[in-house]
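Beneath this line is the structure, given in structure tokens, with notes to follow.
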Amino acid sequence: MTAAVLSSADWWGLFGQFLLLSLLSIGGAIGTAPEMHRYLVHDHGWMSDAQFNASIAIAQAAPGPNLLFVAVLGWGLGGAAGLCVTMLGILLPSTTLALAAARWGEARRETRGVRAFVNGMAPVTVGLVMATGWILSAPARSDLALGALAVATVAISLRTRLSPVWLIAVGAFIGALRA
């Protein structure tokens, strides 16, 4: 992946965008991937669709936290500087807010408002993760075999207790056959 050439204003804009996305990353940063895609691919053209999807795939395949994809996106944009800008942007607000909210909520966990907030955030989280799945499934939507594989994987995951490792291995094998 070739690093984009960003101006000082671009770096600040990128940092600001990831600061904002941090506050929307309910349920994890992966829920903000569609907005990252819009900003990096469509609005600024700093990455192609393939580069964006590859960055997420590489990070998700690696062991470690779900958040690694932000570091890979940043690295692809500008090496170590891009990594620092995106990671600081995505981590600072959400970490600070989570720490403050956890302390506040723990002291008031039995109140009606805190219970309502917790229950109300569940559908928001599910919606953000579904939007991410929609963006990342674009190649499968135009390929009938990939779409069928995705549907079968979801069905097997929902109906059995089969380890996802086996489903990933089957998908990798089928992908290798198609390459």
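For the reader, a short list of remarks on this structure follows.
- Test: residue in region 97-120 that is part of a loop (DSSP other than H, G, I, E, B) and touching a helix residue (DSSP H, G or I) at 6+ places or on another chain (Cβ under 6 Å): yes
- Selection status of Met87, assigned to a helix (DSSP H, G or I), in contact (Cβ under 8 Å) with a residue 12 or more places away in the chain and either of a type outside the set (S, T, N, Q) or surrounded by 12 or more Cβ atoms within 10 Å (Cβ to Cβ) (or both): yes
- Which listed residue is under 16 Å from the mean Cα position of the chain (by Cα), at pLDDT below 90 and either buried (at least 21 other Cβ atoms within 10 Å of the Cβ) or closer than 24 Å to Ser137 by Cα (or both), from Gly64, Gly76: Gly64
- Residues within region 25-57 that are surrounded by 15 or more Cβ atoms within 10 Å (Cβ to Cβ), in contact (Cβ under 8 Å) with a residue 12 or more places away in the chain and assigned to a helix (DSSP H, G or I), tallied: 17
- Of residues in region 139-156 being in a helix (DSSP H, G or I) and out of contact with any helix residue (DSSP H, G or I) (no Cβ under 7 Å at 6 or more places or on another chain), the one modelled with the highest pLDDT: Ala155
- Within region 143-165, residues that are within 21 Å of Ala179 (Cα to Cα) sit with their Cβ atoms under 6 Å from residues that are not acidic (Asp, Glu), at 6+ positions apart or across chains, in these pairs: Leu146/Ala140; Gly147/Ala140; Ala150/Ala140; Thr153/Leu167.
The values are calculated or read from the model by the stated rules, or taken from the named source; none is laboratory data. Keep in mind that what you see is a predicted model, and the values were worked out from it rather than measured. Please note: Cβ atoms are built from the backbone with ideal geometry, for glycine as well, and neighbour counts cover all protein chains shown.
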